[in-house]
Amino acid sequence: MSHHYSGPALGFPHGDARLDLTDLYAFGKPGDDRKSILIMNVHPSFSLQPRGPTRSDPFAHEAIYELKIDTDGDSVANIAYRVRFSPFEGRAQTATLRCVRGAAAAGMGDMGDVLIEAAPVSLGRTARVTEVGEHRLFAGWRSDPFFFDVLGVLDSFKFTHQDFFADKDVCSIVLEIPNVSLAPGRVGIWARTLDGAGGGWVQADRGARPGQTPFLTGEAIVAYNAADPADDRQIVPVFAHSLEHAGGYAAADAERVAATLLPDILPFDHTRPAAYPENGRALTDDVQDHFLSILTNGKVTTDGVGPHGDLLADFPYLGPPHAAAARFAPPQ
């Protein structure tokens, strides 16, 4: 998977689907070189273990959904966009977007300058978008843009050429920001969820590059999800061991390739077209073909599935949720 089911045993972090980070995207706004689009997808609508639908409430009130941006190359955030949600009551929920800069961006908590407040969360097919000043925000259920033959890869790479995610949904946070708010040139981006249900903030999940957690097993996944990118170099041997086992790499080659995957940060330069893995990630980038090639040392290069056909040309770019999400929506 990309980053779906990133808890132990293909489950969810802290046992809560709403805290599961599935994908991160970063690309320039089509037709406007003054803006960039950041997309953080969470909460898969369908569980693998056990198989079946997940919860109906989209986002956790006791959580923070955060986009982190490193502007100076030290793998520590200098800018953080933080989204918190109201309780899901009366089949409705709202979002508040904050931004914090400087040393506080690397910390935890929901402080920061309020950019957008009380933005309605979309539950049905109509995208409810909130725009304040130079920022736009969408939050709600959308068609999952990720594509991959999950069942085929779990069956020893016996691909069915069926896209497991073709009819699945996610909860999306789509943010349009002015490029002047970023550093000139390349930045590093990652996303994370913080769980506050226990009374204090605890990092539940984090990620940037797709296909990282399959290199980890058991409690190593929990430790990885709770760590910061600045500490990722110590995990290189774990990734290297997985590459030796899965791809038949020689030890030195496995160590070299593993080092290119960490720290888990997505590089992005808004002045260049988005193309994974060199620069950001577009919604149509076939990231899993790239992942398969690395994992298997070139023995498997494709799963035979491609991008979804329901993407939109305009904000929020993700297609409307499928019929499976109709029960989440209030009457329209």
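Within 9 Å, Cβ to Cβ, of residue 196, how many net charges do the neighbouring residues add up to if Lys/Arg are +1 and Asp/Glu are -1? Result for the local shell: -3.
Using every pair of separate Cα atoms, the Kirkwood estimate puts the hydrodynamic radius of segment 166-216 at 14.5 angstrom. Taking every C-alpha pair closer than 8 Å and separated by at least 6 residues, the mean separation divided by the residue count of segment 193-296 gives a relative contact order of 24 percent. Carbon-plus-sulfur fraction of the accessible area of segment 178-332, 1.4 Å probe, in percent? So the carbon and sulfur contribution to the accessible surface is 56 percent.
Taking only protein heavy atoms and a 1.4 Å probe, the accessible area of segment 1-147 is 50% carbon and sulfur. Sequentially through segment 278-287, phi angles give Karplus couplings (6.51, -1.76, 1.60; θ = phi - 60°) of 6, 8, x, 7, 8, 5, 9, 5, 8, 5 Hz, Gly and Pro residues having no value and appearing as x.
Between the alpha-carbon centres of segment 74-114 and segment 260-298 there is a gap of 26 Å. Scalar couplings 3J(HN,Hα) for segment 214-230, obtained by applying the Karplus form with A = 6.51, B = -1.76, C = 1.60 to θ = phi - 60°, are x, 7, 10, 9, x, 5, 4, 5, 4, 5, 5, 5, 8, 8, 9, x, 4 Hz; x denotes Gly and Pro.
A DSSP coil position with no more than 10 other Cβ atoms inside 10 Å describes none of the trypsin sites (Lys or Arg not before Pro) in segment 104-152. In this structure, the amide hydrogen of residue 203, modeled 1.01 Å from its nitrogen in the peptide plane, lies closer than 5 angstrom to those of 195, counting only residues at least 5 positions away or on a different chain.
Extension gain for residue 234-residue 118 works out to 37.7 nm (0.36 nm per residue, less the C-alpha to C-alpha distance). Proximity of backbone amide H atoms, modeled 1.01 Å from N, is registered between residue 47 and 52, 54 at under 5 Å, excluding neighbours fewer than 5 places apart on the same chain. Can you compute the helix-only [θ] at 222 nm over the chain? Use -39500 (n - 2.57) per DSSP H run of at least 4 residues, normalise by all residues, nearest 500 deg cm²/dmol. Calculated at 222 nm, the ellipticity per residue is -4000 deg cm²/dmol.
Can you give the net charge of the other residues whose Cβ lies under 11 Å from the Cβ of residue 76, counting K and R as +1 and D and E as -1? So the environment of residue 76 carries a net charge of -4. Computed over the chain, relative contact order equals 22 percent, with contacts defined as Cα pairs under 8 Å that lie 6+ residues apart.
Under the criterion of Cα pairs below 8 Å and six or more residues apart, the relative contact order for segment 2-139 equals 13 percent.
Sorting the segments 180-186, 92-98 by their mean number of nearby beta carbons within 10 angstrom, highest to lowest, gives 92-98, 180-186. Within a straight-line Cα-Cα reach of under 19 Å, residue 29 can be paired with the following aspartates and glutamates, leaving aside sequence neighbours fewer than 8 residues apart in one chain: 131, 134, 176, 269, 278, 285, 310, 314. Backbone phi angles across segment 94-102, fed through the Karplus curve with coefficients 6.51, -1.76 and 1.60 (θ = phi - 60°), yield HN-Hα couplings of 10, 10, 10, 9, 10, 10, 10, 10, x Hz in residue order; Gly and Pro are listed as x.
The values are calculated or read from the model by the stated rules, or taken from the named source; none is laboratory data. Please read all numbers here as calculations on a predicted model, not as lab measurements. Using ideal geometry, Cβ is built from the backbone for each residue, glycine included, and neighbour counts are taken over all protein chains shown. To get the accessible areas, we keep the full protein, side chains included, count just its heavy atoms, and leave off ligands, DNA and RNA. Shrake-Rupley method; radii C 1.70, N 1.55, O 1.52, S 1.80 Å.
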